[in-house]
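Participant: Dropping the structure in here first, questions after.
The numbers here are math on the coordinates, done by the rules we state, and not lab data. Here the structure is a predicted model, which means the values were calculated and not measured. All Cβ positions, even for glycine, are placed from backbone atoms using ideal geometry, and neighbour counts span all protein chains on display.
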Amino acid sequence: MKNKLTLLAFCLVLSTCLKAQTDEDALRFSQLSRLGTARFSGAGGAFGALGADLSAISINPAGLAMYRGNELTFTPGLSFITSESDFSGNLNQARKNNLNISNFGFVWSSVSKRKDADWKSVNFSFGANRIANFHNDIYYSGLNTSNSLMNNYLSFLGNNAVSPASLTDAYPFDISLAYDADLLVYSNADNSYKSPLTKAGLLQSKSNITRGGINEYYFAFGGNYNDKLYLGASINMPFLRYITQNTISEQDINDSINDFNRYDLTNTVRTTGVGVNVKAGLIYRPADYLRLGASVHSPTLFSMTDRYSAAISSLFVSGSYDAESPFGTFNYSLITPWRITGSAAVLFKKYGFLSADYELVDYSAAFYNFNSGNSSDKEFENVQNNLISNKYTAAGNLRLGAEAVIDIFRLRAGYGITGTPFNDGIGVNGFNNVSTNYSAGFGFREKSFYLDFAFVRSIFKTFEQPYALAAGQEVPGAEIRSGLSHFIFTLGFKY
């Protein structure tokens, strides 16, 4: 399976390509790790059939119709992120903390004064929920006795002969920097490039610092028909911010390469985007103790901009070299998949509830539109869209929640698991982007205000290679275990 990942990654043209327009980025921006109010988060986010929560609107807008009064909420959160990596038997750790706003919003409710009215209420809401968090630090390091990043460059140059004078124009963000740093040498005798780094084992390391998230602003409306059928819809604008800075380093710790000591190549990409989607849903209450819900989310059309640059420094016994790329900018569109959710909740009068959501997402349906007449851009777009279609598949995401009511106090617990997005034969067993979430919370409610607290623990495992080579050339990979701990607090007012 690792060989399949390697072959697919090599098709990206260059593994160090700076543009955030790869199949992996399409997956990253399509997978959501929903946070929100402390009540929503503490009960596992399983609110598709429950409603009456501002974060539940992001799952099923019909939940807005459950309100019988006006409400205002504000939810700050603090996240602690840790990662552990195993690269060629060498273990490393990294940590990161992040303060964020998980939710804010208000509800305006118009309740009919007529007791015989079919439509009992019509409600409107505006607010925002944090639906993805990209903050993380990853570091791995280990000895690679087989190859170097320079093998990646040489493999590509072997099929695309370019003179040294043309390197900067052709590959300003990667290969030309390696050439300027004296890591690649051009031979006039056979018009080819060589590198001394491919001849010996090197200590390889990579640090990957990511920041940002997706905050989705919404305007929603919902209606209550005879206290049996609840309908809702929303127009949503997610704002995306993703910053990644990765540094690949290779060092000759065995002193086996004449004159060479080490180099560091740093890539920086800043991606911003704004999108639009619509959501619609319903909740049906066949009995006082049972609620059934269903919702559908349209694809999100993102208008994206990448700003990127790279820099390299190399150290030899005889001297050092430094080179920087120009600043690049690229505008494009990304369309994420449809989402469909089915929900059910059982209510125990005034004593609490049990709830479940099942969400289906087909990650292979995401695709790019580069909006460019450039033939090379179109070719790269086709490569990425084919990779998305071949690598990914439909996945089911399960969320379970519970709440116990004790007078004015509330106790909550939740569990969730996201299915692997990878198609059969793709991915590494045990490190295939499956995420497991555990949550707990408590709060108390008065007539005009409430306070809620929640703790959410998310655990997921991924596999990463620092670069890729053609089929048959194995590149060591890092097994990465990441854990996110979220502490969330909600202050709400009813008026």
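Participant: In the chain, once you exclude exposed GluC sites (Glu not before Pro) (DSSP loop, at most 16 other Cβ within 10 angstrom), what's the longest stretch remaining? Each step should come with its number before you reach the end.
Facilitator: Numbers: sites that count: GLU446, GLU474.
With GluC sites (Glu not before Pro) excluded where exposed in loops, the chain gives 1-445 as its longest stretch.
Participant: Under 5 Å between amide hydrogens, which residues at least 5 positions from ALA52 or on another chain qualify, with H placed 1.01 Å from N in the peptide plane?
Facilitator: LEU64, MET66, TYR67
Participant: Hey, what number do you get for the chain at 222 nm if only DSSP H runs of n ≥ 4 count, each worth -39500 (n - 2.57), divided across all residues, to the nearest 500?
Facilitator: Working: 7 runs with 61 residues, N = 495.
Helices in the chain give a 222 nm mean residue ellipticity of -3500 deg cm²/dmol.
Participant: Which of TYR230, SER166, SER112 sits farthest toward the positive end of the charge dipole of the chain, with +1 on the Cβ of Lys and Arg and -1 on the Cβ of Asp and Glu?
Facilitator: SER112
Participant: With unit charges on the beta carbons (Lys and Arg positive, Asp and Glu negative) and the dipole taken about the Cα centre of the chain, which residue among TYR321, ASN261, GLY430 sits farthest to the positive side?
Facilitator: GLY430
Participant: Right, here's the next one. Taking trypsin sites (Lys or Arg not before Pro) that fall in a DSSP loop and have at most 16 other Cβ atoms within 10 Å as cut points, what is the longest piece of the chain between them? Let's see the in-between values first.
Facilitator: Values: sites that count: ARG68, LYS113, ARG114, LYS115, LYS228, LYS349, LYS350, LYS447.
The reported range is 229-348.
Participant: Give me log10 I(q)/I(0) at q = 0.16, 0.22 Å⁻¹ for the stretch 195-308, Debye formula, one equal scatterer per alpha-carbon, no solvent.
Facilitator: Results for the stretch 195-308 at q = 0.16, 0.22 Å⁻¹ read -0.86, -1.10.
Participant: Compute the separation of the alpha-carbon centres of the stretch 221-252 and the stretch 407-434 and state it in Å as a whole number.
Facilitator: 17
Participant: OK, next. About its Cα centre, what dipole magnitude does the chain give when the only charges are +1 on Lys and Arg Cβ and -1 on Asp and Glu Cβ, stated in debye to the nearest 20? Could the numbers behind the result be given before it?
Facilitator: Values: 40 positive and 40 negative charges, 552 e Å.
My answer is approximately 2660 debye.
Participant: Also: Please list, by residue number, everything in the stretch 356-388 whose backbone N is under 20 Å from a paramagnetic label point 7 Å out along Cα→Cβ of TYR284.
Facilitator: In the stretch 356-388, the label zone of TYR284 (backbone N under 20 Å from the point 7 Å along Cα→Cβ) covers 356-360.
Participant: Could you check the spin-label model distance between ALA165 and TRP338? Points 7 Å from the Cα along Cα→Cβ, value in nm.
Facilitator: Between ALA165 and TRP338, the simple spin-label model gives 5.6 nm.
Participant: Also, I was wondering about something else. Within straight cross-link reach of LYS96, meaning Cα distance under 23 Å, which lysines are found once same-chain residues fewer than 8 apart are removed?
Facilitator: Within the straight-line cut-off, LYS96 pairs with LYS206, LYS461.
Participant: Hey, another quick one. Which cross-chain or sequence-distant (5 or more) residues have an amide H under 5 Å from the amide H of PHE260, H modelled 1.01 Å from N in plane?
Facilitator: For PHE260, the qualifying residues are VAL317.
Participant: I've got another one for you. Considering only ALA132, LEU203, LEU183, whose Cα is most displaced toward the positive end of the charge dipole of the stretch 123-261, charges sitting on Cβ of Lys, Arg (+1) and Asp, Glu (-1)?
Facilitator: Of the candidates, ALA132 comes out farthest on the positive side.
Participant: Another question, if that's okay. What helices does the chain have that are whole DSSP H segments, at least 27 Å long along their own axis by Cα, and with mean Kyte-Doolittle hydropathy of -1.0 or more? It would help to have the intermediate numbers written out before the result.
Facilitator: On the way: long enough: none.
Span-like helices in the chain: none at all.
Participant: Place a +1 charge on the Cβ of each Lys and Arg in the stretch 170-279 and a -1 charge on the Cβ of each Asp and Glu, then give the dipole magnitude about the Cα centre in debye, rounded to the nearest 20. Walk me through the intermediate numbers first.
Facilitator: On the way: 9 positive and 11 negative charges, 145 e Å.
Here the stretch 170-279 has a charge dipole of around 700 debye.
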